[in-house]
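A.B. asks: Pasting a structure here, questions to come.
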Amino acid sequence: MLYAIDITVPGTNTEERMYALDFIFHEMMDIDYSIRTDLSTNDYVIGFAGKRIVIRDHFFSHHPQPLSYLRGETVPETVQFTRNPFIPESDIPVVYGNDEFQISENEIICGIDIVASVFFMLTRWEEYIIETKDRLGRFCAHNSLAYRNHFLHRPVVDEYVEMLRRMMGHLGYTCKSNKHRFTVKLTHDVDRIKRFPTLLSGIRQTAAELIVDQTFRKSCYTAQTFIGSKVCGKNDPYDTFDEFMDMAEQIETRAEFYFIPSHKGEYDARYDIGDKTVGNAVSKIQSRGHIIGIHPSLNSFENPQQLAKEKARLDAIVNSRITGGRHHYLRISIPQTWQMWEDTGLQYDSSLGYHDVNGFRAGTCHDYPLFNFLTRQALRLREYPLIVMEQTFSKLSPERMEKETLQLLHQTQKYNGCFVWLWHTCNWDTYQWAPYRYIYRNTVLNIFK
């Protein structure tokens, strides 16, 4: 039976608390609820039909002033793994809180601060206060709490929600059937548009691999694809759009292609968005009903004017409004880049994956509305967290890639999430990536069997 849900929360940091609670109850559980604040309590009390679940507040009550939690010492060094009768896995990591757990006929008391832990993972404020970045200014997975404590491969936020759902069920609340269904989002960043723009370029690349790299097999592979594209009527090795669309259509979904809207002469421009080859690719994608998105250039992640200019360029090329995409090199600044996308009118982003390790960077395999923790406002912009990128496996064996990809896929399926997979269009018909192609092809074609 469904009852009205009444939630009492402490009276500080209300915007942050309500964002996390709305994700839990509205986004994930699809449950209507009411909230009231109470300055006299340090607990979250979830009440219905004379029953209640008490979630201990172990975080925000210690930082009552707005934004006072944004300090390095507030990020835990380690997490505790605990067990209780309601967790969906063998244990559960506790970002904030402890292993206190009490069960009685009408009440459950939980020491895991689910609200603060969910807020920590979704908003990624950890990445704002930890200053260590790579040469491109990116936060690395190796510096994250999830990686250091061995739970990056787990959608821990979804585990928290499932644990709470089970606690409510134990007290007699029958939750609605899960509104989420497993889906897949096949995305492709278009970093390069043509490998052999001229005859001379093909000859130079083949010779360089033979003489400079001294790799005979690689040189032969390059020569074969070069001759095939220039003499035998085959596609250029970077023109892989049809193959990716074919596979997407076989599982009745649409492939997404994210183009860099650069012009010649601009920093890191590898093709001109106005080039005829780009126009042909765009027409091909649109004619088959697939999706075109934006892949903003390397230096646009902190430049709102550049982002707006690039979006306008791509809008003009596709003759419609672009609604989402992913940043080049996954180069983002949290939360500034999110705010830029919101202000530019974009509706979704899929940049939230690490460049060095695959996994659940935001702790969830579901799309969700973002939150600017500096302005303390929820955004309309939705995030589709990137779970697997092929480039992360570039120095690992195909066997290792297949094993890790399937593990993350199965976790996403278990929690009815959206499996967001990135495979660059230029990393397909090349000597390096040819041994890996079977993984993508076989996995995609069997994904719903």
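The values are calculated or read from the model by the stated rules, or taken from the named source; none is laboratory data. The structure presented is a predicted model; accordingly, all values stated were derived computationally and were not measured. A quick note on method: Cβ atoms are made from the backbone with ideal geometry, for glycine too, and the neighbour counts reach across all protein chains shown. To get the accessible areas, we keep the full protein, side chains included, count just its heavy atoms, and leave off ligands, DNA and RNA. Shrake-Rupley method; radii C 1.70, N 1.55, O 1.52, S 1.80 Å.
A.B. asks: Condition first: among the basic types (Lys, Arg), more than 19 Å from Glu383 (Cα to Cα) and part of a loop (DSSP other than H, G, I, E, B). Now tell me which residues in the stretch 283-327 satisfy that. Can you show your working first?
C.D. replies: Initially, the stretch 283-327 is screened for residues among the basic types (Lys, Arg), giving 284, 288, 309, 311, 313, 321, 326.
Of the ones still in play, those that are also more than 19 Å from Glu383 (Cα to Cα) are 284, 288, 309, 313.
Selection gives Arg288 alone.
A.B. asks: Could you give every pair whose Cβ atoms fall below 7 Å, whose first residue belongs to the stretch 38-55 and is open to solvent by 40 Å² or more (accessible area, probe 1.4 Å) and at pLDDT below 95, and whose second residue is hydroxyl-bearing (Ser, Thr, Tyr) and not in a strand (DSSP E or B), counting only separations of at least 6 or pairs across chains?
C.D. replies: Sorted first by the residue in the stretch 38-55, then by its partner, the pairs are Asn42/Ser61; Ala49/Tyr3.
A.B. asks: Something else about it: What number goes with the only condition from (1) out of contact with any strand residue (DSSP E or B) (no Cβ under 6 Å at 6 or more places or on another chain); (2) closer than 26 Å to Val444 by Cα; (3) open to solvent by 60 Å² or more (accessible area, probe 1.4 Å) that Phe241 does not pass?
C.D. replies: All conditions are met except number (3).
A.B. asks: Would you check if there is a residue in the stretch 20-34 being farther than 27 Å from Leu374 by Cβ, surrounded by fewer than 20 Cβ atoms within 10 Å (Cβ to Cβ) and of a type in the set (Asp, Glu)?
C.D. replies: Scanning the stretch 20-34 turns up at least one residue that is farther than 27 Å from Leu374 by Cβ, surrounded by fewer than 20 Cβ atoms within 10 Å (Cβ to Cβ) and of a type in the set (Asp, Glu).
A.B. asks: Here is a follow-up. Just wondering, is there one or more residues in the stretch 225-232 that are farther than 20 Å from Leu408 by Cα and part of a loop (DSSP other than H, G, I, E, B)?
C.D. replies: Initially, the stretch 225-232 is screened for residues farther than 20 Å from Leu408 by Cα, giving 225-232.
Retained after the next criterion (residues that are part of a loop (DSSP other than H, G, I, E, B)): 231-232.
Yes, that holds for at least one residue.
A.B. asks: Filter the stretch 67-102 down to the residues that are closer than 14 Å to Ala116 by Cα and of a type outside the set (Ser, Thr, Tyr) and list them by number.
C.D. replies: Matches in the stretch 67-102: Leu67, Leu70, Val75, Pro76, Val79, Pro93, Val94, Val95, Gly97, Asn98.
A.B. asks: Let me ask you something else. Within the stretch 335-357, can you find the residues that are open to solvent by less than 10 Å² (accessible area, probe 1.4 Å) and either basic (Lys, Arg) or not in a loop (DSSP other than H, G, I, E, B) (or both)?
C.D. replies: If the condition is that a residue be open to solvent by less than 10 Å² (accessible area, probe 1.4 Å) and either basic (Lys, Arg) or not in a loop (DSSP other than H, G, I, E, B) (or both), then Thr337, Trp338, Trp341, Asp349 are the ones that fit.
A.B. asks: Return the pairs, sorted by first residue and then second, in which the second residue is open to solvent by 10 Å² or more (accessible area, probe 1.4 Å), the first residue lies in the stretch 404-422 and is on the phi > 0 side of the Ramachandran plot, the beta carbons are less than 6 Å apart, and the residues are 6+ apart or on different chains.
C.D. replies: Once the first residue is on the phi > 0 side of the Ramachandran plot and sits in the stretch 404-422, its partners that are open to solvent by 10 Å² or more (accessible area, probe 1.4 Å) give Asn416/Asn178; Asn416/His180; Asn416/Arg181; Asn416/Phe182.
A.B. asks: Considering only residues of the stretch 412-449 that are out of contact with any strand residue (DSSP E or B) (no Cβ under 6 Å at 6 or more places or on another chain) and polar (S, T, N, Q), which is surrounded by the most Cβ atoms within 10 Å (Cβ to Cβ)?
C.D. replies: Checked the stretch 412-449; the qualifying residue surrounded by the most Cβ atoms within 10 Å (Cβ to Cβ) is Asn427.
Conditions tested, residue by residue: (1) touching a residue at least 12 places away in the same chain (Cβ under 8 Å); (2) open to solvent by 20 Å² or more (accessible area, probe 1.4 Å).
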{"residue": "Tyr160", "(1), (2)": "yes, no"}
{"residue": "Ser177", "(1), (2)": "no, yes"}
{"residue": "His180", "(1), (2)": "yes, yes"}
{"residue": "Phe196", "(1), (2)": "yes, no"}
{"residue": "Gln205", "(1), (2)": "yes, yes"}
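A.B. asks: Considering the stretch 264-302 alone, what residues qualify as being open to solvent by 40 Å² or more (accessible area, probe 1.4 Å) and free of Cβ contacts under 8 Å to residues at least 24 places away in the same chain?
C.D. replies: Lys264, Gly265, Lys276, Asn280, Ser283, Ser287
A.B. asks: I've got another one for you. Could you tell me whether Pro76 is farther than 30 Å from Tyr173 by Cβ, at pLDDT 95 or above, open to solvent by 10 Å² or more (accessible area, probe 1.4 Å) and not polar (S, T, N, Q)?
C.D. replies: Considered against the rule, which asks whether it is farther than 30 Å from Tyr173 by Cβ, at pLDDT 95 or above, open to solvent by 10 Å² or more (accessible area, probe 1.4 Å) and not polar (S, T, N, Q), Pro76 comes out as yes.
Conditions (1) basic (Lys, Arg); (2) within 24 Å of Leu70 (Cα to Cα); (3) surrounded by fewer than 23 Cβ atoms within 10 Å (Cβ to Cβ), marked per residue:
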position	(1), (2), (3)
Ala308	no, no, yes
Ser333	no, yes, yes
Gly359	no, no, no
Gly363	no, yes, no
Asp367	no, no, yes
Phe371	no, yes, no
Lys395	yes, no, yes
Lys403	yes, no, yes
His410	no, no, yes
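A.B. asks: Considering only the stretch 22-31, I want to know if a residue exists there that is among the charged types (D, E, K, R), part of a loop (DSSP other than H, G, I, E, B) and farther than 20 Å from Gly97 by Cβ.
C.D. replies: First pass over the stretch 22-31, keeping only residues among the charged types (D, E, K, R): 22, 27, 30.
Right, trim to part of a loop (DSSP other than H, G, I, E, B) and you get 30.
From what is left, the residues that are farther than 20 Å from Gly97 by Cβ are 30.
Checking the stretch 22-31: at least one residue is among the charged types (D, E, K, R), part of a loop (DSSP other than H, G, I, E, B) and farther than 20 Å from Gly97 by Cβ.
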